[in-house]
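So the structure is just underneath, and the comments pick up after that.
The values are calculated or read from the model by the stated rules, or taken from the named source; none is laboratory data. Since this is a predicted model, take the numbers as computed values, not measurements. All Cβ positions, even for glycine, are placed from backbone atoms using ideal geometry, and neighbour counts span all protein chains on display. Areas reflect the complete protein model, heavy atoms only, side chains present, ligands, DNA and RNA absent. Shrake-Rupley method; radii C 1.70, N 1.55, O 1.52, S 1.80 Å.
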Amino acid sequence: MVIRLRVLAFMLACTVVLSLIPVFEVSAGSPTLSASNPVTSRDAAPGEILVKFKPRVGVASVQSANNRVGAQKTNEIKKLGIQQVKLPPGMRVSEAIAKYKKMADVEYAEPNYVRKAFAVTPNDPYYSQQWGLNNINAPGAWDTTTGNPNVVIAIIDTGVDYNHEDLAGKVILGPNYVNTDSAGNPTYDPIDDNGHGTEVAGIAAAVTNNSIGIAGVSWGSKILAIKALDKSGTGYDSDIAKGIVYAADHGAKIINLSLGGPNNSRVLADAIEYAHENNCVITAAGGNEAQSGNTVEYPAAYPGVIAVAATGSNNDWASYSNYKWYIDVAAPGGDGYPNDSSHGILSCYPDYLGPKYLSDQGTSMATPFVSGLVALVAAEYPDRTADQITRSIEELSTDLGTPGRDDYFGYGLINAQKTVGQNINSKEDADASIAYTGNWSSYSSTHASGGEYKSSSTAGSSAVYSFYGTGVTWVAKKSPSSGIAKVYIDGGLEGNIDLYSQNDIWQYLAYKIDGLTLGMHTIKIEVTGTNNANPSGTEVNIDALDMFTPIIPLYRLYNKYSGDHFYTTSSDEVIFAENVAGYTYEGVAGYVSSTKTAGTTELYRLYNKYSGDHFYTTSSDEVIFAENVAGYTYEGIAAYIW
């Protein structure tokens, strides 16, 4: 902070002196503000503060102190001697705190911070029986978001009971392709005559915290009901494909397909690809045929689909759940006792067909857990593409079974809290900041992230990328012609990665590392020119890189003397700038990110050897001043500002 006091000569002198002490130290008894706890209207009550006066300070002295600030007592905690005071119009919280701290009668003054419950517990009476929500850490995600009505989940199924007490008001009526009019056109009354679709809708997005029934994964989302299966629970590819296209054309972000069959259909594949190209996330049941052939099921096995396996109440593999190469993730589906809510999945059910709530099991029940999570992620990160949302769910799943991806659990059991809470920045293969050496060629595919990927079979060819964060994932295509690559992190060999597979698997998480110290790191991917005994080639490809990067707010302040602005990630610096240097706080300007896109600005990081703190700036002039005058050490580019 001190380096910014350079505008006037007398301020410069003060700066040099201040740099010799820990510049963010505050008076005894006052808690130090941190970057995770800034003084903003989101985190503290606006227009008021809490003040504690020293023991034996009289009423008249207290009133005099408040008068000097222009504040008025509105409430108090008598036994603690703390007053809640309202500030005069236009006075900032930090300004008032600074005034009170200068008074001899004041022990401390601080913002009236906002606190919130660390776990949202719905008041729905059957919530305690919904073990699946706790198994995927949904309550932890609800601390961040419960969904957004602009994020629509299409349920293509047997229809939805849109009058159900736990779904009423959130269902958009889509086409009914089963019960058509006399001309063969769909009606727009997708009422459920089987119950399956209503169960799926309830798991994904039941009305929650309404003291009725159950809780859904994404409370805030809307449901688009499309009926493509009849009252026996079966339907034709033609109707399912029409439903997929309709959903993609009418605002659905997620398309839930709790259905499947063993026949590979070009019609269904084309519909899936259409939805994928329209930035929809498609989820599909992995199949319940593990004990009767373990067949490949479609649409789950198509590229661009999240194929979902089922787990039981103890997070073990459900014995009916298909185990195949196409399984991406697992979610709660029940484990053999469908009518017992302690083992099955409790959800809504049409009361004209049976009880209002019913416990069931299957990968059909597991799939809407994933759809609900997609909706939460889309609400929290609206700028992510469908592919990026899909990969984030896979990357942050809890690994079960054999370490790494396996055919039973895919990448693992979905983890709502981690997925919603982790910021991920992505780089496509063609990004200029990835340094390629050797022979690389670009190829286009609708199945690739961003529509293309780079490939090389030349030994020694490599790709290097430096990133800011705590981890990185290399996204690639596995295929029958793929070979082996070496992966290095910060110069150290991590291992050999074999990209061979009997089937083409797009956007495969070839390598992932997390838990690195927050800072700058480098990943290097090198073509070895070798393969195992099976492949027909030695190809290594790069589709994308995903970096795990914390979200850091960047605060903007105005210098009334010079007319300049400066930026910082430290709320301590905000307080210091306002109270000591006369800067004006102007709010959050943006967020620090490792992603550099057109128009973004480099953020420099420097170290204060006296206080042990770091600060950040976008000004190269400030870097020079900090090094030469205030004794800071320049540590390079920390990140980029979106």
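Descriptive notes on the structure:
- Counted charge near T180, where neighbours are those whose Cβ lies closer than 13 Å (Asp, Glu -1; Lys, Arg +1): -2
- Only helices enter the 222 nm calculation for the chain: every DSSP H run of n ≥ 4 contributes -39,500 (n - 2.57), and dividing by all residues gives -6000 deg cm²/dmol, rounded to 500.
- Cα-based convex hull volume of the stretch 189-304 per residue, rounded to whole Å³: 121
- A Cα-only calculation for the stretch 123-180 places Rg and Dmax at 14.7, 43 Å.
- Positive dipole terminus of the chain, leading residue within Y113, T146, I82 (C-beta point charges): I82
- Averaged per residue, the stretch 404-526 has 38 square angstrom of accessible surface, using a 1.4 angstrom probe with ligands and nucleic acids left out.
- Rounded accessible area of S466 (nearest 10 Å², 1.4 Å probe): 60
- As a ratio to 2.2 N^0.38 Å, the alpha-carbon radius of gyration for the stretch 154-250 is 1.04.
- Within the accessible area of the stretch 142-188 (1.4 Å probe), percent carbon and sulfur: 44
- Relative contact order (%) - the chain, alpha-carbon pairs under 8 angstrom, separation at least six: 11
- Positive minus negative residues near I389 (Lys, Arg vs Asp, Glu; Cβ under 12 Å): -3
- Within a straight-line Cα-Cα reach of under 22 Å, K486 can be paired with the following lysines, leaving aside sequence neighbours fewer than 8 residues apart in one chain: K427, K454, K477, K478, K512, K524.
- Potential extension, S319-A435 segment - 0.36 nm per residue separation minus Cα distance: 37.1 nm
- Here the relative contact order of the stretch 106-241, from alpha carbon pairs under 8 Å that lie six or more residues apart, stands at 33 percent.
- Packing-based order for 168-175, 71-78, using average beta carbon neighbours within 10 Å, highest first: 168-175, 71-78
- Each other residue within a Cβ distance under 10 Å of D157 adds +1 if Lys or Arg and -1 if Asp or Glu, for a net charge of -1.
- Rounded to the nearest 20, the Cβ-based charge dipole of the chain about its Cα centre (Lys and Arg +1, Asp and Glu -1) stands at 2800 debye.
- Between S442 and R56, full extension at 0.36 nm per residue minus the direct alpha carbon distance yields a gain of 131.2 nm.
- Paramagnetic reach from K560 (point 7 Å along Cα→Cβ, amide N under 13 Å) across the stretch 89-105: 91-92, 95
- Sites A168 and D249, calculated FRET efficiency, Cβ-Cβ separation with R0 30 Å, nearest 0.05: 0.70
- The lysines within cross-link reach of K242, meaning a Cα-to-Cα straight distance under 22 Å and a gap of 8 or more places when in the same chain, are K222, K227, K231, K253.
- Per residue accessible area of the stretch 252-369, 1.4 Å probe, in Å²: 34
- The stretch 41-157, accessible area per residue, ligands and nucleic acids excluded (1.4 Å, Å²): 54
- Estimated from the Cβ-Cβ distance and a Förster radius of 56 angstrom, the FRET efficiency linking T295 and I624 is about 0.25.
- Structural size metrics of the stretch 63-140, computed from C-alpha coordinates, are Rg and Dmax of 20.7, 59 Å.
- Cα-based reach from K86 at 27 Å (exclusive), listing lysines while leaving out same-chain residues under 8 positions away: K52, K54, K73, K78, K99, K101, K102, K116, K560
- Cα-based shape type of the chain, given that a ≥ b ≥ c are square roots of the gyration tensor eigenvalues and the cut on a/c is 1.5: oblate
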